[in-house]
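The values are calculated or read from the model by the stated rules, or taken from the named source; none is laboratory data. Note that this is a predicted model, so its numbers are computed, not measured. Heads up, the Cβs are rebuilt from the backbone with ideal geometry, glycines too, and the neighbour counts pull from every protein chain shown.
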Amino acid sequence: MSKLKRLFKPRHKLQILRYIQRAPIRHKITLAIVLLLLLPMSIVGFYFYWNMAAVLTKNANDNLSQLIRQANENIENSFKIIDTTSLHFLSNKNIRSWTSGDTSFDGDFYNLFINKSLIEEDLRYSLMFNNAWDMNLISTAYVFLNEDIYCSIFKSTPNIDLINNNNINVFKKISGSKIRGKTILPPSLTDRTIYFTRIVTNINNPKQRLVMIFGIEENELYKKYAELLSFEGSMVYITDDRGAIYSSSDRNLLGGTVASSILNLNNDTDVSEVTLGNTTYLVAHRKIGDTGLNFIAGIPRNQVLAKLSDSMRNYIAITFVIIFVSVFAGVLVSLRFTRFIRDLLSVINKVKVGNYETKMPAYKDRELKLLSNTFNNMTDEIKYLINQVYEKQLLLKETEFKFLQSQMNPHFLFNTLITIGYKARLSKDDTIYKMVTSLTELLQAGIYTNSRAKVHIRQELEFIEFYLYLQKMRFEDKLEYIIHVSDESILDLLIPKLSIEPLVENAVVHGLEEKMGKGTVEVNIYRKNESVYIDVTDDGAGFESSNINLDDFETVSMRKKGHNSIGLINTHKRIRLIYGESYGIQIESRINKGSKVTVHIPADRSEIINV
């Protein structure tokens, strides 16, 4: 008990709660399954026990009352038959003559013998068809005139002298008392016979009395209530009002006195609980007619619930089996439904160290399958985003590297070009002067910039004009170009520096140079809502546009082959780096038909950055 008290102290309760909180989820699932089964089964078990205990107790009370009533009626009827037999004896003429005092046997032993023989013959004749005699209720019958003069009849003759002495002692006991009418005397351990007596007195001569004594074997009464003793530990008493025991389930108590707690029970139809020693009995008490005797019977309460206890033991055994099976099933279920947790932790640990190729397995359950697919999609997205950031960083570094390369000793180059331009002007060669000036402006635009530089679209068109003028001087009539702007307000919007010039260069070099005859490059700039579109169209040789993936990196092999998509790819990635994935370049091209490259950027009104 002290261990239980220590277990349920607040500190220990807190420790138990913490343990449950820290327990693995599979243990919690197993515990929940066991509790969900054990709790209702316990409630049902307790309800079943108390409900059945009440029903069994009520049934036991009813059965006990019914058995006692039947046994009591049997015993009462037995005494009524004996009483009727005694009255029947009085109707005998010879017995009445003893009562009236008409017969005198003073010294006349022959006459006494004849008279006794007649009476005994009459008694035998009377008992020949008597139910009490046939049912062995009466074992002996005596008629006493006095201690010396009596008649007798026996059911059997095991020891006549002992029977005579016992009956004479009974006669002495009642003849010296003031008892009148009928009375019943209890047995003893030495004489287990119950004596039913009736005293008849002559009204004219009160001293003239006739005493009839009927011997009743206590064992015959015992048989009347033997059915009540089917319950182990049951007790039955037939007592008088003083508590003297006439018959008992305990054969050693004959002639003794019953316990006062039993004697004081009310004579009613209810069954009461009485505790004797350490045993509680269900006890009922009845009066046996007008005999002055009481019939008392009791059944141990635990015997009433014995079968219920057996049922409960079976129920508990079955419950433990169910608990064992439930624990086993709970472990299997928890392993089944927590497997995904182990899998999830495993892949999370792999992702933590940078392994984004890891995948969760497929599950049959819809929810777990959704979880698996969501996680796998998440790792794919993370991998994609990381690659995107990595690609953008590479592009920035490559652009900056090229920018650094292009800045190697730029002043020497510009000074040389300016010198050439001045000499051409001094020589009055305006064409050479304009070509050198255009080349200088174009080179300055390419050298003094970075990957995030922005200019007005107006300035970007100037760079295109410089480039196309130089190419026009080169190809003369073979090259024609057209620049069209749908709205003059577009020219004030911003665009990444040199984002159109590479496309025009690509159209000239890889489109028109490979074409026989005259070619045209057209630049068309227009606006839709908050987007600006620049179409660069040529009618050159064209190429297979399906073979170009603008999301690929510029590789060394592409560079070695002089692949015509390098400028397109760089410009596409640069626009996306600045404006996001929604913008970039689209290509339409057919071999020998020409190409169309469309640049899509937002209507950018932000400030110019690092021009």
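Where helices (runs of 4 or more DSSP H) fall wholly inside segment 1-104, the ranges with 3 or more residues that are of a type outside the set (Phe, Trp, Tyr) and at pLDDT below 70 are 2-7, 10-22, 25-90. Of Glu530, Glu480, Glu476, Glu513, all but one fail to be out of contact with any Lys or Arg (no Cβ under 8 Å at 6 or more places or on another chain) and either more than 25 Å from Thr431 (Cβ to Cβ) or at pLDDT 85 or above (or both); the exception is Glu530. Among the residues making up segment 230-257, those that are under 22 Å from Leu137 (Cβ atoms) and touching a helix residue (DSSP H, G or I) at 6+ places or on another chain (Cβ under 9 Å) are Val236, Tyr237, Ile238, Thr239, Ile245, Tyr246, Ser247, Ser248, Ser249, Arg251, Leu254.
Against the test of being crowded, with 16+ Cβ neighbours inside 10 Å, over 25 Å from Ser156 (Cβ atoms) and acidic (Asp, Glu), the options Asp250, Asp240 yield a single qualifying residue, Asp240. Filtered by the rule that a residue be touching a residue at least 12 places away in the same chain (Cβ under 8 Å), of a type in the set (S, T, N, Q) and either over 25 Å from Lys223 (Cβ atoms) or assigned by TED's automatic domain parsing to the domain that holds Asn115 (or both), segment 71-96 gives Asn92, Asn94. Looking at Val211, is it crowded, with 18+ Cβ neighbours inside 10 Å and modelled with pLDDT under 85? For Val211, the condition - crowded, with 18+ Cβ neighbours inside 10 Å and modelled with pLDDT under 85 - is not met.
Only residues that are assigned to a loop (DSSP other than H, G, I, E, B) and surrounded by 15 or more Cβ atoms within 10 Å (Cβ to Cβ): list them for segment 462-512, please. Of everything in segment 462-512, those that are assigned to a loop (DSSP other than H, G, I, E, B) and surrounded by 15 or more Cβ atoms within 10 Å (Cβ to Cβ) turn out to be Leu493, Lys497, Leu498, Ser499, Ile500.
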